[in-house]
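Here's the structure we're looking at; comments come further down.
The values are calculated or read from the model by the stated rules, or taken from the named source; none is laboratory data. The structure displayed is predicted, hence computed values, not measured ones. In this analysis, Cβ positions are derived from the backbone assuming ideal geometry, glycine residues included, and neighbour counts consider all displayed protein chains.
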Amino acid sequence: MNATDLMTDRARLTPHREALLDMHTGRRYTYAELNARANRAANFLRERLGVQPGDRVSILAHNSIAYLDLFFGVAKIGAILAPLNWRLTAHELEYIVKDCEPRVLFVGPEFVTVYEELRAHTNVPNVVSLEGAALHGALSYDAEIARALSHEPARPPLDAETPWCILYTSGTTGKPKGAVIPQRQVVWNCINTVISWGLTENDVSPVFTPLFHAGGLFAFLTPLFYVGGRILLARGFDAEQTLRAIVDEKCTVILGVPTLFQMWQNTAYFLDADFSRVHFFINGGAPCPPALMQYWRETKRVIFRQGYGLSEVGPNCFSMTDDESVPKTGSVGKPIFHSEMRLVNPQSGKDVLAGEAGELLIKGPHVCLGYWHKPDATADALRDGWFHTGDAARRDEDGFYYIVGRFKDMLKSGGENIYAAEVEAVFREHPALADAALIGQPDEKWGEIGVMIVVLKAGQTANDAELLEFCSKRLARFKLPRRIIFADALPYSPYGKVEKQKLKEQYLS
């Protein structure tokens, strides 16, 4: 099974149905138009630039129609899309470009300066300018796509294991790793999501996540194209504008992250917004404070779920029904349809009992091939077909899973395991706190003690005693931090994760 004909077949089945609204330009595209653009991109890459099966094609740009042209175009000719995270510096991108060695790099106008700095240290044979980006000697994408042929390109030999994308994930210890996403993984993510989440051709979803991220490409975009639904593609994020678009375009399934939901909630339009067409909101990327979910449910009468995924296994790994979403608040649900899950003790490798924390292992056709140019990391992550996520989770008696943190982000205090994500989630429920991060401080008596770094919301006040009293009602005593430090902000990596090593250097040195 491969996905090269995903857009081809959808355009054959429903050519004149609207597939996409580009919110940046206001242009609407049918499936026939999207497929014709993907064909032009594929023919341009192969005929004009000599791109061969297995060659990497990179893009450094904000979300745009060109991104989708390339995403579906490379699949038709067996090339591999290796998108670049535009939040990274040129120095950080240098490692990724040297690792994946793209034959072509597409650059958007906002990233000319970054590219010029990157060019001094890398060698990409072909550079293409997007939207008039001022790049000396580069081809113009608009001009090239206009003259390229729109017929279906001849397919090279392809199968289920042919790589489609390389998505670089943040490395908690070292450089980013490129997860190799095969054609099979894309198709099965579509099937799993459509079946388990009940998507239909009548569903409409906005994409606010960058397309260099698995959430942008695979959470709703490819599953809805697979089933014949409609996508709103956003370039930037304005809270009120995007909220109005959700209502005006009658969106039915919406993916967000805690920050987005909070920003939407804070808009003047929020209380007036009519979400009667929305089937459900789902949170991803980071745990959502239960208080925030409850506020949305009570104020707007909506279904609100918590999701879970990884680039390596796809963004949609669990599911639950609408009725289960309230009593199982905090759970990510049950394993999605075509998938197997285990929770094991990372030391013994044995399955843990219900209620106990274990490392989450995932197996199924939606698992990646491994990491580009990293055989050791691949062998460590993929063992006997099981992908070792490194995430700690527990399963209740009803079979619902709860993510409790990273095994590497765990404190060992007085012989007890303390998962940072669990403690942080409780602290974030406090109405005065905007953010929180737990780090471990070496201690002669306990081995480690917890130090919580917190950031107050604007205009809010709190002290140590208030925070500890609040959390003591929700956490076992041994999980409570021994120190609380108030900070103006937390350091985040370009991948959106708190850089705890910097916190340790700042507060524990």
Discussion item. Condition first: over 29 Å from the mean Cα position of the chain (by Cα) and not in a loop (DSSP other than H, G, I, E, B). Now tell me which residues in segment 451-478 satisfy that.
Written reply: D464, A465, E466, L467, L468, E469, F470, C471, S472, R477, F478
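Only one of V227, V247, V253 is surrounded by 20 or more Cβ atoms within 10 Å (Cβ to Cβ) and either under 26 Å from A32 (Cα atoms) or modelled with pLDDT of 95 or more (or both). Can you tell me which?
Details: V227 fails: surrounded by 20 or more Cβ atoms within 10 Å (Cβ to Cβ); V247 fails: surrounded by 20 or more Cβ atoms within 10 Å (Cβ to Cβ).
The match here is V253.
If we scan segment 185-198, do we find a residue that is farther than 20 Å from C317 by Cα and either in contact with a Leu (Cβ under 6 Å, 6 or more places away or on another chain) or among the small types (G, A, S) (or both)? Can you show your working first?
First, pick out the residues of segment 185-198 that are farther than 20 Å from C317 by Cα: none.
No, every residue in segment 185-198 fails to be farther than 20 Å from C317 by Cα and either in contact with a Leu (Cβ under 6 Å, 6 or more places away or on another chain) or among the small types (G, A, S) (or both).
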Worksheet entry | Where a residue in segment 333-348 is on the phi > 0 side of the Ramachandran plot and its partner, wherever it lies, is crowded, with 20+ Cβ neighbours inside 10 Å and in a strand (DSSP E or B), with Cβ under 9 Å and at least six apart | G333/R305; G333/Q306; G333/F318; G333/S319; G333/Y401
Practice prompt. Could you please give the count of residues in segment 294-320 that are of a type in the set (S, T, N, Q) and surrounded by 20 or more Cβ atoms within 10 Å (Cβ to Cβ)?
Written response: 4
Worksheet item: Can R395 be described as at pLDDT 95 or above and surrounded by 20 or more Cβ atoms within 10 Å (Cβ to Cβ)?
Response: yes
Worksheet item: Would you say N123 is touching a His at 6+ places or on another chain (Cβ under 6 Å) and not charged (D, E, K, R)?
Response: no
Discussion item. If I filter segment 275-284 for residues that are surrounded by fewer than 17 Cβ atoms within 10 Å (Cβ to Cβ) and not aromatic (F, W, Y), do I get at least one hit?
Written reply: yes
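Where residues in segment 426-447 are at pLDDT 85 or above, in contact with a Gly (Cβ under 9 Å, 6 or more places away or on another chain) and within 24 Å of E359 (Cβ to Cβ), which of them is surrounded by the most Cβ atoms within 10 Å (Cβ to Cβ)? I'd like the intermediate steps shown before the answer.
Of the residues in segment 426-447, the ones at pLDDT 85 or above are 426-442.
In the following step, the residues that additionally are in contact with a Gly (Cβ under 9 Å, 6 or more places away or on another chain) were identified as 438-441.
Going one step further and asking which of them are within 24 Å of E359 (Cβ to Cβ), we end up with 438-440.
Numbers: L438: 26, I439: 24, G440: 22.
Among those that are at pLDDT 85 or above, in contact with a Gly (Cβ under 9 Å, 6 or more places away or on another chain) and within 24 Å of E359 (Cβ to Cβ), it is L438.
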Worksheet item: In segment 426-450, which residues are in a loop (DSSP other than H, G, I, E, B) and out of contact with any strand residue (DSSP E or B) (no Cβ under 7 Å at 6 or more places or on another chain)?
Response: E429, H430, P431, E444, K445
Item to complete: Only residues that are over 18 Å from the mean Cα position of the chain (by Cα) and not in a loop (DSSP other than H, G, I, E, B): list them for segment 281-303, please.
Response: P290, A291, L292, M293, Q294, Y295, W296, R297, E298, T299, K300
Discussion item. For segment 304-355, which positions are over 14 Å from Y401 (Cβ atoms), assigned to a strand (DSSP E or B) and of a type in the set (S, T, Y)?
Written reply: none
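Filter the strands (runs of 3 or more DSSP E) completely within segment 1-83 down to those with at least 1 residues that are of a type in the set (S, T, Y), in contact with a helix residue (DSSP H, G or I) (Cβ under 8 Å, 6 or more places away or on another chain) and over 17 Å from Y226 (Cβ atoms). Full working, then the answer.
On the way: elements: 18-22, 28-30, 56-60.
It comes to 56-60.
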Worksheet item: Exactly one of (1) over 30 Å from E249 (Cα atoms); (2) crowded, with 22+ Cβ neighbours inside 10 Å is unmet by E94. Its number?
Response: (2)
Discussion item. Let me spell it out: the conditions are (1) assigned to a helix (DSSP H, G or I); (2) more than 27 Å from E505 (Cα to Cα); (3) not basic (K, R), and A393 meets all of them except one. Which number is the exception?
Written reply: (1)
Worksheet item: Are any residues in segment 407-425 modelled with pLDDT under 90, under 30 Å from T461 (Cα atoms) and not in a loop (DSSP other than H, G, I, E, B), and if so, which ones?
Response: M410, L411, S413, I418, Y419, A420, A421, E422, V423, A425
Discussion item. Can you tell me which of (1) surrounded by 14 or more Cβ atoms within 10 Å (Cβ to Cβ); (2) not in a loop (DSSP other than H, G, I, E, B) is the one T113 doesn't meet?
Written reply: (1)
Response to the item:
Residue count, segment 8-40, condition free of Cβ contacts under 8 Å to residues at least 40 places away in the same chain, more than 18 Å from Y141 (Cα to Cα) and polar (S, T, N, Q), comes to 1
